[in-house]
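Presented below is the structure to which this report refers.
Rule-based calculations on the coordinates, nothing more; no lab input. Please read all numbers here as calculations on a predicted model, not as lab measurements. Neighbour counts are summed over all protein chains in view; Cβ atoms, including those assigned to glycine, are modelled from backbone coordinates with ideal geometry.
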Amino acid sequence: MDILKATKSLFSKNKSEDKTKEPVQKTPENIDMTINEIVNNLENLNKEIQEIPKKSVAHNMVANDFEYQLTKVYDFLAVNPEGTNDQELNKQIIASNELIELTGAKIKFGKGRIKTLKNLMINIKAKSIKTEPTKVEPTKVEPTKVEPTKVEPTKVEPTKVEPTKVEPAKVEPAKVEPAKVEPAKVEPAKIKEIGGSSSHSVYSTAPKRESMVQKVIPNNKVELTDTSSNLTSILSLVEKGLKSLIAKSTSEFANKVDNIKHFISQVERSLDQKLDRNVKATIDASTKLHNELQNVSKSIPKDILKKEDFSFELGQQFKKLDSLKDVSEDLESLPANYKSIKSELASINDKLDNVSTSSVKKSSVKVPKHEKAVADLATYMRDGVEQLENMSRLYVETIAGIESIEIERAQHTEQLSKSKDEGIKEGTQRGEGLLAKKIAEQFPTEFEEIKSIFSSVISFEYAVGQAVEVTNENKNGLMPYFSTELELGEYQVISSDILIAGDIVVKARVEKVAQSTKEG
Amino acid sequence: MANYLGIDLGTTETTVSVIEIEGFEPPLEKLRTLNIYQYDEKHVFDRDDKGLSSSIYIDRDNKKVYTGRYANTLYASGNKPLNTIRSVKTRIGGESMIQVPLDSETQNLSSYDMTELSSLLLKTVINSVSKQVTGAIDEVTITIPAGFNSDERAATMKAAKLAGFKHVHLLDEPTAVLLNYLNIKDDLDRMPDDYFYTRKNVLVYDIGGGTLDISIAKVEDNYGDFKVDILGRSKRMDFGGDDIDKRIAAYFLSEFEKINSSIETRTIEEQAVIVSRIVSQAEKAKVSFNQKIAKVADNVRRRERAKEPVNFEIIDNLKITDLLITDNILKDILSPIISSSGTLVQPIKKSLRDSELTKEDIDLVILTGGTGKFYLVEETLSKFFGDNVEIIDFTESNAVSKGAAIHSYNQDEDELKKIDISDIMSDSIFIKNGANFDKLISHDQELDSSGVYSYKFLEGSDRLDVFLYYGESAKDPAKLTEITGVFETLKDYYREGDIVELGWTFDSNKILKISHDGKELITTNDMTDNGNELINNFQLN
């Protein structure tokens, strides 16, 4: 987008540096001069195109230089019609120049710019006739805005031109691929040819331009019109020439490309064939080798030692050998040893005799006499007896303790088993109680039938048939056991209450004894 | 030495906790639940760790009153229908009375009001406490349902005074739970210490055996204590675990009647036996299955396979056999309760609407009350709130009384975390002026406040008729309930349109007093003396 903007601004208002310093007055004279110059340049270009060989370095250089010069011319034309040097314009020029530097965009002179150039010239003509250039300004700006899209493809060109400098034949196949790009490639060729021929002349004319611009040439409308129409026709001619050139070079290039394509396909085919053959041979050889290896490996018995095992075994054998060697050496030295031992034994006997006599002499002085020995023995005995006495006393004490412990243990065991039994009994009773309660609550009728099973946990307060006298004193104690509303008076128990594990589960049913009966 | 008491005066059961401080011990280490001595089922005086069944049996002949298990046994057996009473709490504050006959002379009736009966329960508590705690009781806090109106609060206060308590404070049950939770939450590993550094919306879901209470509070850490704003609360609903049991019982019955003839063919007595048996078996099955589910809660497959076989005799050898209770069956039976628009969820939605919140605004749910243990309750809440809301299981039976004990402690000491609560009542108090009902005390009235009401005479008179009502709105006067009223003859005669100024005060226990010309005309703190025969002349337990 930046590039696009930059180019837009360039097309609309651009100025070369020298122009910003010294804006050239737009007069019919200097316009004529400039146009003439361009015409000359373009004519020269036509000639030079023929001379400079295509795709050469020189060709590119010339083309680039020419483009630069042409841009200057174009800028001059684009800006100058207004004939102003107002600040706004200068700002735009500076900004656009900065943008060019920033983006590194090179202004190329493509189809689009040629067209713009034409339009500009037409506008200039019209303006110069009116001699009121300021009004025309916007119309000039507008068409230039449309162009950038056309200019864009021209930007691609330099990159395409560069490979031509390399030239090596190897690169060609790579070039073959973008067949679609071909027409685009043709454009630069034309431009290069144009630039190539005109570059020199533009360089030379550039300084002239300033001097020419300063000249005052009388206003001649007719001349300007003629020149511009001439220029237009020339430009169209140039365009035609360029087109034919493009067509020519395109067909040439296409042929070349076809040739290269053909060659590559041929090479590919032969390569494939060769490769196939080679691969087949290699595979055959390797399978052969593999089979042979397998055969060899099969022929090797399985119990054969590996290299490491073998060397280990060997080491072991060597060690054995070494030890045998030592033994044999020892055996050899045995008789000699025997002799030396014998002699040593003889000397020892002598020595022993000496020792025993000397030791006896010494002990007679230091060793205690019999009494001392007996006394010692007696003390040992006394100590021993004492010890024995202690032990026996301890034993008696301990045995008594052990006996009491055993008695206690027996008691505890008894208690334990007792309380265990009690616990089991209580637990069973509680369990039975819970079960009985549950059954009594959930299935009262059935409980009535089976309650004897739970006789151990069941009790009752009031037996069937029992007479109960309800008084103000005892009523509060009675009430929890009876299901009916109690009044003061005499009752008879119809069905007994049931207490399970101390809780009243079933209340007694009672019947009031009729007053009359009582009274009677 | 100091004793701080907390009493959870429940509808079905009363529990008491104490913080007994001797030196400088950490107060929470000294917080314990006390036993309550009472007569057991067999009329043996014993103590019951579980608490005190809130049943009363009045034996006028012997001038004795029994509270707790023995009374409950009699109540359940129906042995003394006229002498036994339960659920005193739900009837307190009104005009409701119980008439008790003499056994020896059944026509001789004597009336007792609910306040006095409540005080009997509290007196049982006080007697048990004195056996287990040395020294006087410094402060006592009694919890009441959040939905209690001014009249009911006053009646509870009076009952406490009658029982012999001094320094009594009232505390809403959900607030007590919240206070307890906030003090022990650091020990619950799930919550980060700084959790309440930012404001959190906490919903307390209290579902007991017979009641359902919901409170929504905004809780924020306030330099170590907590600032609590009550955003909304549900009306007290008479819904609880009993209703779940009844649904399961209905399922049993319908299954039974598929095979057998309808129980309607039976006599009334037999039907009563059948119903009581089925309901008690349903409760047993529910509890047993709940335990089974709790063991496999983490494993979905095992949970699906969990089952509770139900076998029992309905009557005369007619049985329900091999009826299965599974997760799916229970969900099916209880769908009207546990569905997203069911009984469990509806009051939450209403409370949220009243608080102008959505369920997404709730950060924490504290589940409390006995029925909260039932797995489908928590599951329903989880489903409703989604995974992002933490549900704290706070169904321990003493959670409320412990919170109340902490509240008592906080009256004197600073060691524990306190809550600075801006409370609102569920109802407003209205004053009747002719045919009009003017809102005197708004439901969110600040405590310890006072003001002046201009009473306009609608016709010439020297008599001032002051009547107080409570309710939600004056738009529908039929829905308002009268609390109390007075006809006061004035010194001067007033013409139509004249205005008399009445001063009012609203204290920290939400008791309202109205006075004129320096004279107290009316108070919601009913201190009328009915003789209190039971308290003064009867032997308790």
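Return the average number of partner chain Cβ atoms within 10 angstrom of each residue Cβ along peptide A:470-481.
Working: counts 1, 3, 7, 2, 0, 7, 11, 3, 2, 8, 11, 2.
That average works out to 5.
Can you compute the helix-only [θ] at 222 nm over chain B? Use -39500 (n - 2.57) per DSSP H run of at least 4 residues, normalise by all residues, nearest 500 deg cm²/dmol.
Working: 13 runs with 157 residues, N = 541.
Helix contribution divided over all residues of chain B: -9000 deg cm²/dmol.
Given contacts defined as C-alpha pairs under 8 Å and at least six residues apart, what's the relative contact order of chain B, whole-number percent?
Values: 1126 pairs, mean separation 87.3, N = 541.
The normalised contact order for chain B reaches 16 percent.
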Report summary line: Note to self: C-alpha centroids of the range B:70-91 and the range A:388-456 sit apart, in Å, by 44 Å
Query raised in the report: If one takes the longest principal axis of the Cα atoms in chain B, at what angle in degrees, from 0 to 90 and to the nearest 10, does the Cα axis of helix B:268-295 lie?
Result: 80 degrees
Report summary line: Candidate cut points under trypsin sites (Lys or Arg not before Pro) in the range B:195-256, DSSP loop plus at most 15 other Cβ atoms within 10 Å of their own Cβ, are B:ARG199
Report task. Give me the angle, in degrees from 0 to 90, between the Cα long axis of helix B:399-412 and the longest principal axis of the Cα atoms of chain B, rounded to the nearest 10. Result -> 30 degrees
Requested in this report: May I ask you to derive the relative contact order of the range B:169-315, considering only C-alpha pairs under 8 Å and at least 6 residues apart, and to give it as an integer percent?
Outcome: 14 percent
Report summary line: Checking the range B:1-101 for trypsin sites (Lys or Arg not before Pro) in a loop per DSSP with at most 15 other beta-carbon atoms within 10 Å yields B:LYS50, B:LYS63
Query - Euclidean distance of C-alpha centroids, the range B:170-204 and the range B:344-389, integer Å - result: 16 Å
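Across the residues of B:279-285, average count of Cβ atoms on other protein chains within 10 Å?
Shielding by partners across B:279-285 averages 1.
Among the trypsin sites (Lys or Arg not before Pro) in the range B:440-494, which ones are in a DSSP loop with at most 12 other Cβ atoms within 10 Å of the Cβ? Mind listing them? Could the numbers behind the result be given before it?
Values: sites: B:LYS456, B:ARG463, B:LYS475, B:LYS479, B:LYS491; in loops: B:LYS475.
Within the range B:440-494, the qualifying trypsin sites (Lys or Arg not before Pro) (loop, at most 12 other Cβ atoms within 10 Å) are B:LYS475.
Percent relative contact order of the range B:241-337, based on C-alpha pairs within less than 8 angstrom and at least six residues apart? Display every interim value, and only then the final one.
On the way: 86 pairs, mean separation 27.8, N = 97.
29 percent.
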Report task. Using only Cα atoms, tell me the angle between helix B:150-163 and the longest principal axis of chain B; keep it within 0 to 90° and round to the nearest 10. Result -> 80 degrees
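Within the set B:LYS439/B:LYS479; B:LYS218/B:LYS359; B:LYS123/B:LYS158, which residue pairs have Cα atoms separated by over 20 Å? Each step should come with its number before you reach the end.
On the way: B:LYS439/B:LYS479 14 Å; B:LYS218/B:LYS359 14 Å; B:LYS123/B:LYS158 13 Å.
Long pairs (Cα-Cα over 20 Å): none in the table.
Can you give the % of DSSP beta bridges in chain B that are antiparallel, to the nearest 5?
Of all bridge pairs located within chain B, approximately 75 percent are antiparallel.
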